[in-house]
Number of protein chains: 2
Amino acid sequence: MYRSHNCGELNASHINTEVTLAGWVQKSRDKGFMNWVDLRDRYGITQLIFDESRSEKSVFEKAKTLGREFVIQVKGTVIEREAKNKNIPTGEIEILVTELTVLNQAITPPFTIEDETDGGEDIRMKYRYLDIRRNPVKNSLLFRHKVAMEVRKYLSDLDFCEVETPYLIKSTPEGARDFVVPSRMNEGQFYALPQSPQTFKQLLMVGGMDKYFQIVKCFRDEDLRADRQPEFTQIDCEMAFVEQEDILNIFEGLTRHLLLEIKGIEVDKFPRITYDYAMKTYGNDKPDIRFDMKFGELNEVAQHKEFPVFNAAELVVGIAAPGCASYTRKEIDALIDWVKRPQVGASGMVYVKCEANGTYKSSVDKFYDQEDLANWAKATDAKEGDMIFVLSGPANKTRAALSALRMELATRLGLRNPAVFAPLWVVDFPLLEFDEESGRYHAMHHPFTSPKPEDMALLETDPGKVRANAYDMVLNGNEIGGGSIRIHDKATQALMFKYLGFTEEEAKAQFGFLMDAFQYGAPPHGGLAFGLDRLVAILGGQETIRDFIAFPKNNSGRDVMIDAPSMIDEKQLNELHIQLK
Amino acid sequence: MYRSHNCGELNASHINTEVTLAGWVQKSRDKGFMNWVDLRDRYGITQLIFDESRSEKSVFEKAKTLGREFVIQVKGTVIEREAKNKNIPTGEIEILVTELTVLNQAITPPFTIEDETDGGEDIRMKYRYLDIRRNPVKNSLLFRHKVAMEVRKYLSDLDFCEVETPYLIKSTPEGARDFVVPSRMNEGQFYALPQSPQTFKQLLMVGGMDKYFQIVKCFRDEDLRADRQPEFTQIDCEMAFVEQEDILNIFEGLTRHLLLEIKGIEVDKFPRITYDYAMKTYGNDKPDIRFDMKFGELNEVAQHKEFPVFNAAELVVGIAAPGCASYTRKEIDALIDWVKRPQVGASGMVYVKCEANGTYKSSVDKFYDQEDLANWAKATDAKEGDMIFVLSGPANKTRAALSALRMELATRLGLRNPAVFAPLWVVDFPLLEFDEESGRYHAMHHPFTSPKPEDMALLETDPGKVRANAYDMVLNGNEIGGGSIRIHDKATQALMFKYLGFTEEEAKAQFGFLMDAFQYGAPPHGGLAFGLDRLVAILGGQETIRDFIAFPKNNSGRDVMIDAPSMIDEKQLNELHIQLK
């Protein structure tokens, strides 16, 4: 071992101990007769002192040659520091060095290895191994490990068995695009990398495994939006002989356990709202409920006057922005411009100031009187001092725009506090959603989700109205997990494939093994999957996942550090029976 | 929840309790007026009783319709069994059923769901979800989970951090064949699936992560020998600021912990032998030391007489098979035939019976006297009653053949007891091995392994003699883990690539990122990886890994259950910029 202690553990109780430390030179301060070096490792920083009067000359001189990020080993004595640093655990001591060995030199790093670095995103990714030396990244990876361990312990203690499912599976055109792997031994054929272990975990239920989980990499070859990765990690879970209620309870328990163990935060039982309620109240199926600003629907109290914009609208809907009555005309205009941006897409916005004296001042005073506006205030739960913002137009589009405004206002008002955690369940998702492009219904969750039995009849008459036994866990405006009770009989599964536009042959070719399996005694089952990357980021109080992934890819799916993907040679292509187009 | 209890937990203490159970019909015995059903789930079997006099008629009649593997739910009362079964935990009770619900029917399974099934390997793989219902497979998967959890706990408690490294990496022609993944977003380029996270874990050390581990899938596109899988799981570990001794101690500790926690077996400190010693003493770098039969080299005591076969041989070497002096001529001839098979390749075999009276009887009595044979007995540590078998020929080939004989004899003699665990370390592996085919040296472990400093000079003069800081952990004749101290400076790494036949450009193109990283302050580091599939199989007392993998592939790399790999459609190929050849 190159060290007797690490750089984070020595304190006043070690004074006079002979120690050996190893690590990186964080910085060195040369005062001529005295030379201090901050020695860093994963565990902390310990101050080294080289002193003209107390150190051997050769050691003292050698210390002056140390550059940033040199890897060194020192032997010395723990002594009390004169100027103590209360901010770090080792701040009471320093090491009077008697021996100094340079284990490896370092050229100057391309950015500073500090919490606040001068390196931009691109350069940090290219030299990710240096970026990982920085506390914010290093601590994010340690944090991720801690979360994953707690998840495993919690589920394992509840008799869940982690089963590794295969990575080389079969490509299915349904859902997102697969990454595929040409097979050398099976000419002209390809494996696919799993988008999730969905069918395998269901087969494990058919196989009687009863409670399964896996922390597992999944793959989607999608055009990458910001903060999406082509490979990502799921906490994948499935249980047999359960109903939706059981699954919600178990995984609410897991999340509550994580919040308590990792963050020291106790949360109450999670609220449960339906998808319909979420869409009507927040314009969104993953509402951030750390703050209020619920939607107030205003059709009844805003379409009875001569304001043609509202009268022509499918939906008139508003929110009360707390304490915003004092907004200036300029601030309001800026917000109106904000909602009119193409990304939000509103055509205009009406506002109502709820004055401190109980009166209202609006941009539509020409059409509406104080009583009308009082009704709007009631519907949006606006208090004196609030500002009501009202949008109108086609229902779905208007809700989406108001939802965007709600989030924007919350951000501006500082209501999205990353230290506050407000989880909830959204339940009763629609089974199907209509896809304009293909002109047919798609599974909203996936084709294995069971419809609610009481809605089955609607499949023939009004498929969009059929609700599923499907649920999402939402935390601070992010979907962190989702799942469903599955279909577990061949007939229903075949019916579902039919409604999703599969021919019998297609269904058999792609999912025949699952339908076959259902014939041999499949138990009722269901499950869910959490997105681990997102979960740890949110628990860690961050909005972006990238620092919680050791070696992330950029938006073109490239690893700029190792420079992958890359060309492969002709011989390799030949062996795989493929050629470039 | 479909049940109040599982099928493994009810016992006499529950008598008179009302319970709800759910599971599979293992079997049913219809005695006319009485009907017993064994109900099975992951946790055990509980006997249900339907009784003409005590059950409702409709329930009693319905019970008669139940077939094997039907999924049912029952309500009833726990009662004392008349004929108790001491062999199972639930053997004192049965359930007098009051309600019976068929949750799912089952067609007849293609093989029996019993510990000893009538299904062959192929059919079991096709219906793996049914195979998993059988105790031997189910318990192997549960066992694997337990081992993996213990590994994680042990390493995590020692401050190891599990870091997920990427699956979509870069193809390198060195080593085994890569599986590759065409990139849609980067035309003409490919990712590779990792054969191991080797370079990433080294970069994590450069990044200061200090102690890393990961239980991770790895991929090799090799022609599959029996009991090899294209995707397999490693316990991958790396540490910084350590020497070989530290790594051996930590991972010996892990293995000892597993043997104690999982098997209840305490083992002493692991023996350590050098590669040279292992080859000379066991003819093998992964010796099974549950039994003795060490090689005795006989050149000195067998090449002084007129026996031309021995005199012409590079090596004469023997082992003493304990208690085998009583072998008949027929048994001996069978063994001689066995060593002459092409897989073993000996050209003949000499034997010496060590009689109970201290005399010797050999197949070469014409050439050797009793004193000669006594010397052979001494060299092979043969006791009265043993049989010495002697092979001769070229050293390496002869050692390999005698090693095969040693294992075969041990199997025949019942010395390979799967309940006995004899771990050891083999150290000082050669750095390089000469590849006849390519006419150059290859890295025996991998190109990142550090040569022993004292052997560095030999790289120029006698590369095959250079020893590496490389080590294998061997358990019961299987290599279960291996690793090395790595090179951590750019110059040595560049030198190594040169000796391995890389041009500077090739080395830079493939591993430039690693050599770059070494310039920014790389700490001394090393590590190892265990093969988890093999480790759990051996700990589980099995020779084959297949039952410890939920969904294994066959020897053509096919998943016969889901029928993968498979064709993909033209559109998908086009998007990936490739076409079939």
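The values are calculated or read from the model by the stated rules, or taken from the named source; none is laboratory data. Given the structure is predicted, the values throughout are model-derived calculations rather than measurements. Glycine also receives a Cβ, built like all others from the backbone with ideal geometry; neighbour counts cover every protein chain displayed. These area figures cover heavy atoms from the full protein model, side chains too; ligands, DNA and RNA do not enter into them. Shrake-Rupley method; radii C 1.70, N 1.55, O 1.52, S 1.80 Å.
Cα gyration tensor of the range B:55-112, axes a ≥ b ≥ c as square roots of the eigenvalues: rounded (a/c below 1.5), prolate (a/b > b/c) or oblate? Cα axes put the range B:55-112 in the oblate bin. Near the amide H of B:I93, within less than 5 Å, lie the amide hydrogens of B:R81, all on another chain or at least 5 residues away, with H placed in the peptide plane.
Per the Kirkwood formula applied to alpha carbons, the range B:401-442 shows a radius of gyration over Rh ratio, Rg over Rh, of 1.20.
The slack in the chain from A:K571 to A:D157, taken as 0.36 nm per residue of separation less the alpha-carbon distance, amounts to 144.1 nm.
Could you calculate the FRET efficiency of A:N249 with A:D365 from 1/(1 + (r/R0)^6), where r is the beta carbon distance between them and R0 is 41 Å, rounded to 0.05?
On the way: r = 51 Å, r/R0 = 1.25.
For R0 = 41 Å, the calculated efficiency reads 0.20.
Considering every alpha-carbon pair of the range A:22-73, the percent of pairs per 5 Å bin, from zero through the bin containing the longest distance, is 5, 23, 33, 23, 12, 4, 0. Note on the range B:203-350: dipole from Cβ charges, positive end direction compared against B:I215, B:I250, B:A302; the farthest Cα belongs to B:A302. Here's the list of lysines a cross-link from B:K397 could span, going by alpha-carbon distance under 25 Å and ignoring same-chain residues fewer than 8 apart: B:K280, B:K286, B:K294, B:K305, B:K340, B:K353, B:K378, B:K465. Taking the empirical scaling 2.2 N^0.38 Å for compact globular proteins as reference, the range A:349-395 has a Cα radius of gyration ratio of 1.07. The Cα-based radius of gyration of the range A:291-415, divided by its Kirkwood radius, gives an Rg/Rh of 0.92.
Inter-chain Cβ neighbour count for A:521-529, averaged per residue, equals 5 (cutoff 10 Å, partner chain atoms only). Residues whose amide H falls under 5 Å from that of A:T20, counting only those 5 or more places apart or on a different chain, are A:S4, A:H5, with hydrogens built in the peptide plane. Placing +1 on the Cβ of every Lys and Arg and -1 on the Cβ of every Asp and Glu, with nothing else charged, gives the range A:291-415 a dipole about its Cα centre of roughly 420 debye. Here B:A176 yields copy-to-copy label distances, from shortest upward, of 2.8 nm, the label point defined as 7 Å from Cα along Cα to C-beta. Sorting B:W24, A:W338 by accessible area puts them as A:W338, B:W24; the probe is 1.4 Å, largest comes first, and only protein heavy atoms count.
For A:V339, the accessible surface of its heavy atoms amounts to roughly 0 Å² (probe 1.4 Å, protein chains only, rounded to the nearest 10). Phi-derived couplings, Karplus 6.51 cos²θ - 1.76 cosθ + 1.60 at θ = phi - 60°, listed residue by residue for the range A:475-487: 9, 6, x, 10, 6, 9, x, x, x, 6, 7, 9, 5 Hz, with x used for Gly and Pro. Bridging of B:K31 to aspartates and glutamates at a Cα separation below 17 Å is possible for B:D51, B:E52, B:E56, B:E61, B:E82, B:E94, once same-chain residues fewer than 8 apart are set aside.
What the phi angles of the range A:129-136 give under the Karplus curve with 6.51, -1.76 and 1.60, with θ = phi - 60°, is a coupling list of 4, 7, 4, 5, 5, 6, 3, x Hz, glycine and proline written as x.
Just want to confirm a number: the relative contact order over chain A, from Cα pairs under 8 angstrom separated by 6+ residues, in percent. Walk me through the numbers before you get to the answer.
Working: 1097 pairs, mean separation 73.5, N = 581.
For chain A, the relative contact order is 13 percent.
Under 5 Å from the amide H of A:S171 lie the amide H atoms of A:A192, B:S566, each residue being 5 or more positions distant or on a separate chain, with H modelled from the backbone and absent for Pro and chain starts.
When the Cα atoms of the range B:6-46 are aligned to their principal axes, the ranges along those axes come out at 29, 24, 15 Å in descending order. Placing +1 on the Cβ of every Lys and Arg and -1 on the Cβ of every Asp and Glu, with no other charges, gives the range B:203-313 a dipole of roughly 260 debye about its Cα centre. Between A:T328 and A:K31, the contour length at 0.36 nm per residue exceeds the alpha carbon distance by 101.3 nm.
Take the Cα of A:R272, go 7 Å toward its beta carbon, and the backbone nitrogen atoms of the range A:502-545 under 20 Å from that spot belong to A:524-530. Accessible area per residue was computed with a 1.4 Å probe on protein heavy atoms; A:D292 scores about 90 Å². For chain A, the Kirkwood radius over C-alpha pairs fed into Stokes-Einstein at 25 °C and 0.890 mPa s yields D = 86 µm² per second.
When the dipole is taken about the Cα centre of the protein assembly as shown, and only Lys, Arg (+1) and Asp, Glu (-1) are charged at their Cβ, what size is it in debye, to the nearest 20?
Working: 142 positive and 178 negative charges, 68 e Å.
Charge dipole, the protein assembly as shown, about its Cα centre: 320 debye, nearest 20.
Couplings for the range B:9-24, taken from phi via the Karplus curve 6.51 cos²θ - 1.76 cosθ + 1.60 with θ = phi - 60°, read 10, 7, 8, 3, 5, 9, 4, 6, 6, 7, 9, 10, 10, 9, x, 10 Hz in order; Gly and Pro are left as x. Figure note: B:S392, B:S58 ranked by solvent-accessible area, largest first, 1.4 Å probe, ligands and nucleic acids not counted: B:S58, B:S392. Position B:I123: other-copy label points at 6.7 nm, ordered by increasing distance, label point 7 Å along Cα→C-beta.
Distances between every pair of Cα atoms in the range B:145-242, grouped in 5 Å steps from 0 to the bin holding the largest one, split as 2, 12, 19, 19, 18, 15, 10, 4, 1, 0 percent. Select from B:G385, B:A374, B:W425 the residue farthest towards the positive end of the dipole of the range B:370-426; place +1 on Cβ of Lys and Arg, -1 on Cβ of Asp and Glu, and compute about the Cα centre. Working it through, the farthest residue towards the positive pole turns out to be B:W425.
Based on Cα atoms of the range B:12-104, Rg over Rh with Rh as the Kirkwood radius reads 0.92. Dipole orientation for the range B:236-332: of the candidates B:G283, B:Y327, B:F241, B:Y327 has the Cα lying most toward the positive pole (charges on Cβ; Lys, Arg +1; Asp, Glu -1). Once all protein chains are placed together, A:I215 keeps about 30 Å² accessible to a 1.4 angstrom probe.
Quote the convex hull volume per residue of the range A:432-569, based on C-alpha atoms, as a whole number of Å³.
202 Å³
With the largest listed first and rounded to whole Å, the semi-axes of the equivalent ellipsoid of the protein assembly as shown from the Cα gyration tensor are 59, 44, 28.
Cross-link check: pairs A:K153/A:K211; A:K170/A:K201; B:K217/B:K452; A:K571/B:K217; A:K153/B:K146 evaluated at a Cα-Cα cut-off of 20 Å; pairs beyond the cut-off: B:K217/B:K452; A:K571/B:K217.
Using a 1.4 angstrom probe with every protein chain in place, what is the largest-first accessible-area order of A:S55, B:S556?
Values: A:S55 15, B:S556 55 Å².
From most accessible down to least: B:S556, A:S55.
Subtracting the Cα-Cα distance of B:S53 and B:E187 from 0.36 nm times their residue separation leaves 40.7 nm of extension gain. Shortest first, B:L96 label-point distances to identical copies amount to 8.7 nm, with the label point at 7 Å from Cα along Cα→Cβ.
Based on C-alpha pairs under 8 angstrom that are at least 6 apart in sequence, the range B:291-415 has a relative contact order of 36 percent.
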